[in-house]
Amino acid sequence: MDKSKRLFLKPKRSFRRRLPPIQSGDRIDYKNMSLISRFISEQGKILSRRVNRLTLKQQRLITIAIKQARILSSLPFLNNEKRILNNEKQFEKGESTARTTTTGLKTKKN
């Protein structure tokens, strides 16, 4: 090859192929909580396909399984543990989060 053609060739990268997150024997089901919990963030959100490294079909099945588990109360819709813990710490310190302002609503008398 002459030099002009060599400039446009990309250097070959060596990369390690990652194992798929779902094995062929794993069944995607709302009852399989150990599998489902891997695809949910700490806040309780469903992680994207790019983050999960799933195929489109697998992501659809995971999403359906997560939604079914939420409806059946196996999974919470939101994970508010951090927020609850922070509020408890504030109350222990004696800080009040309640508002003391009132709105000035006037009532008409006929």
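The values are calculated or read from the model by the stated rules, or taken from the named source; none is laboratory data. All figures in this text were calculated on a predicted structure; none of them were measured in a lab. So basically every Cβ, Gly included, is an ideal-geometry build from the backbone, and we count neighbours across all protein chains shown. Surface accessibility is based on the protein's heavy atoms, side chains included, excluding ligands, DNA and RNA. Shrake-Rupley method; radii C 1.70, N 1.55, O 1.52, S 1.80 Å.
What is the distance, in nm, between label points placed 7 Å from the Cα along the Cα-to-Cβ direction at residue 27 and at residue 73?
It is 2.5 nm.
Starting from the residue with the highest accessible area, list 41, 73 in decreasing order, probe 1.4 Å.
Putting 41, 73 in descending order of accessible area: 73, 41.
With all protein chains present, calculate the accessible area of residue 28 using a 1.4 Å probe and round the result to the nearest 10 Å².
My reading of the accessible area for residue 28 is about 40 Å².
If ligands, DNA and RNA are left out, what is the accessible area of residue 57 with a 1.4 Å probe, given in Å² to the nearest 10?
Roughly 150 Å² of residue 57 is accessible to a 1.4 Å probe.
Rounded to the nearest 20 debye, what is the charge dipole size of region 20-83 about its Cα centre when +1 sits on each Lys and Arg Cβ and -1 on each Asp and Glu Cβ?
Values: 13 positive and 4 negative charges, 48 e Å.
The calculated dipole for region 20-83 is roughly 220 debye.
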